[in-house]
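Asks: My structure is below; once you've seen it, I'll send some questions.
The values are calculated or read from the model by the stated rules, or taken from the named source; none is laboratory data. Quantities reported herein were computed from a predicted structural model and do not represent experimental measurements. Cβ placement follows ideal geometry from the backbone for every residue including glycine, while neighbour counts extend to all protein chains displayed. Ligands, DNA and RNA are excluded from the accessible area calculation, which covers all protein heavy atoms including side chains. Shrake-Rupley method; radii C 1.70, N 1.55, O 1.52, S 1.80 Å.
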Amino acid sequence: MTMQSFYMRNMLRGYDKQLVTARRLARYRRALGAGSVEEPIPPEVKRRHLVERIAREIVENLIMSGTDNPVVNEIKERLNNEFGNQLTFAFPPSEQDLQIFKETKGGPMEVSPEEKIRILNRLWQVTLDKVDDTML
């Protein structure tokens, strides 16, 4: 009988430790929750984040994959008009970086690194403007 009471005391001691730990964790959660009251995010900021996320999706996925999406076609057409050449965006299988080619009389020619930076910056701005205009 003493053996059973020993096991019972051990079990109750373990249960008591679990209860103390649970109370301590609940107290810590309440303390952390009370100190970090989040301010509501203004609608303009939410909208801007959403526009940037959609623009990033368009730039990363749709433009590079050559889709026939009307928004993507308008963005590409605007870039072609601004830079005066037909631009082609490609990820060749053997390369790690994006390559941008412009159509010339002699055939496609890769743009210089400086021009590539200008094109990508302008691509981002045009995409942001287009997404912002088309969002409700």
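Asks: With the structure loaded, tell me whether Asp133 is closer than 19 Å to Ile54 by Cα, exposed (fewer than 14 other Cβ atoms within 10 Å of the Cβ) and acidic (Asp, Glu) or whether it fails that test.
Replies: Criteria met by Asp133.
Asks: (1) in a loop (DSSP other than H, G, I, E, B); (2) loosely packed, with under 13 Cβ neighbours inside 10 Å: which one isn't true of Glu114, the others all being true?
Replies: Against the list (1) in a loop (DSSP other than H, G, I, E, B); (2) loosely packed, with under 13 Cβ neighbours inside 10 Å, Glu114 comes up short only on (1).
Asks: Give me the residue from the stretch 86-100 that is open to solvent by 50 Å² or more (accessible area, probe 1.4 Å) and out of contact with any Pro (no Cβ under 8 Å at 6 or more places or on another chain) and, out of that set, nearest to Lys130 (Cα to Cα).
Replies: Out of the qualifying residues, it is Gln86.
One line per residue, one yes/no per condition, for (1) modelled with pLDDT of 80 or more; (2) touching a strand residue (DSSP E or B) at 6+ places or on another chain (Cβ under 6 Å); (3) closer than 23 Å to Arg118 by Cα:
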site	(1), (2), (3)
Met1	no, no, no
Gln4	no, no, no
Arg13	yes, no, no
Arg23	yes, no, no
Tyr28	yes, no, no
Ser36	no, no, no
His49	yes, no, no
Met64	no, yes, yes
Glu74	yes, no, yes
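Asks: What's the number of the condition Asn81 fails, among (1) more than 30 Å from Gln99 (Cα to Cα); (2) exposed (fewer than 10 other Cβ atoms within 10 Å of the Cβ); (3) at pLDDT 85 or above?
Replies: (1)
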